[in-house]
Each structure stands twice: as C-alpha cells, then as structure tokens.
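First the structure, in the form of structure tokens, and then the observations on it.
The values are calculated or read from the model by the stated rules, or taken from the named source; none is laboratory data. For clarity, every value in this text was computed on a predicted model and none was experimentally measured. Here the Cβ positions follow ideal geometry from the backbone for every residue, glycine too, while neighbour counts run over all protein chains shown.
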Amino acid sequence: MKLFLDTANVEDIRKFNELGIVDGVTTNPSWISRDSKGRSFREIVVEICREVKGPVSAEVVATDAKGMLKEAREISGWAKNTVVKLPTTFEGLKALKILASEGIKTNMTLVFSANQALLVGKLGATFVSPFMGRLTDAGYDGVQLVRETVGIYRNYGFRTSVLAASFRSPREVTEVALAGADVATLKPEQVDLMLKNPFTEAGLKAFLDSWASMKK
Ligand code: G3P
C-alpha cells in the first residue's frame, strides 16, 4: 500500500520524504490556504511537486464543468506529477470524462458512498478518495466505504486506485490496508502515530536501564 501525505506543509513533507515513505501528496483548498504564507496556489503546488516524485493532488475550486476543465488543464501543466482533484458532483463527473480522454490524471474527492465510487471508476478516474473519517464522525462505518469500493472495483476490473482519505485513528490504516486500499493519505501527525507505541518505548527504556547497570 502506498502512503501519501495529506498536507500542503513543505517542511512536514520534507521530514517524511527524507525517511523515504512518501509516495505522493494530497492537498485541498483548506490545507493550501492554511500553509500559504503569502505564496500563490501555483507556487505551493510547484514546490511540493519538486520535493516529491510521486503524484501531487491539487484541487479545482470551480463548481461547473467548464470552469473545472480550465483550472484542471492549467494545474496539469504546472509539473509532470500533478493530479487534478475534482469534487464528485454531476459537473465533476462531466469534467472527469473529458480529462480522462485527454490523459490528465484525476483524483475524485469528497466521496461518501460506494455508488459515487462506482460512477468514478466507470469514468476512468486515476484515484477515488473515500472520506472515511467524516462518515465515522457522523456515526457511520467509514472503513466499510473503503471495503465496498475495493470490492466493486475488483469485481469489474476498474483501474482507478482507491485512495483512503480522512483518517481518524491509526487502527483505520491497518483496516484499509487489510481491505486492499491502494493508498492511504495521512496527515503528518497521523504518520507519527503509526510508529509511536508505548510498549516499544517502555521496552527500549528497560533495555537501556539494564545496560546502564552493567559493568562495562
Ligand atoms: O484527504 C482528506 C482530507 O483532505 C480531509 O480530511 O480530516 O478534514 O476529514 P478531514
């Protein structure tokens, strides 16, 4: 399973990229605005694309297909590894169909049902982004959405990669990996939580205490 970072913070991207675990990056208008520090959308995306070799998703803000297509074609020209993120609406699907025929990579976002994912797969998106956490927050089973999407895509041989998004706990990373998700996109602090384990820390401390008490 690939790991993407869900952030527009270049320092965080650099930190994990040095470790060699960043296969790509996803951004959204909220992350871009939070980390803009006076830079333009384009400047931020280009900087991230230089830092990371893998796909970097950048989202359109138009809500009509014509406007989405204009923004998508611009974004796709900013760097070789940009992926255009589009909302999963009727207009988003119209834009997706045309972009797929032009060979422009797409990430269909804000997916909250397996039926939306099915439509996205039929139209040949590069990635589909089921937003698990927001469903979980509302009392539904967010991971089930990923299971259903993976199952449907396998049944019909859809080539769209399932990019599990909007995590709420490290356990969900294990669950979507078992479900066969192609990618998990995580906020930087969530990658830290994947590694952090009190038993590892306590075990290491015990080993080091034993070692310190020994005559050298
Ligand atoms: O990739 C999903 C992310 O952009 C949204 O996550 O935590 O706001 O639901 P969250």
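A compact table of results
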{"item": "Pair list, Cβ under 7 Å, 6 or more apart: the stretch 90-112 residue within 16 Å of the ligand (Cβ to nearest atom), other residue acidic (Asp, Glu)", "result": "THR109/GLU59"}
{"item": "Meets criteria (of a type outside the set (Val, Ile, Thr) and either within 16 Å of the ligand (Cβ to nearest atom) or more than 25 Å from ASN17 (Cβ to Cβ) (or both)) for LYS80", "result": "no"}
{"item": "Which listed residue is modelled with pLDDT under 95, within 14 Å of the ligand (Cβ to nearest atom) and among the charged types (D, E, K, R), from ASP35, ASP6", "result": "ASP35"}
{"item": "Sole exception among (1) surrounded by 18 or more Cβ atoms within 10 Å (Cβ to Cβ); (2) more than 18 Å from the chain's Cα centre (by Cα); (3) of a type outside the set (A, V, I, L, M) for LYS94, by number", "result": "(1)"}
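To keep it simple, each residue is scored yes or no on (1) touching a residue at least 60 places away in the same chain (Cβ under 8 Å); (2) within 11 Å of the ligand (Cβ to nearest atom); (3) aliphatic (A, V, I, L, M); (4) in contact with a strand residue (DSSP E or B) (Cβ under 6 Å, 6 or more places away or on another chain).
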residue	(1), (2), (3), (4)
THR126	yes, no, no, yes
PRO130	no, yes, no, yes
TYR156	no, no, no, no
LEU163	yes, yes, yes, yes
ALA184	yes, yes, yes, yes
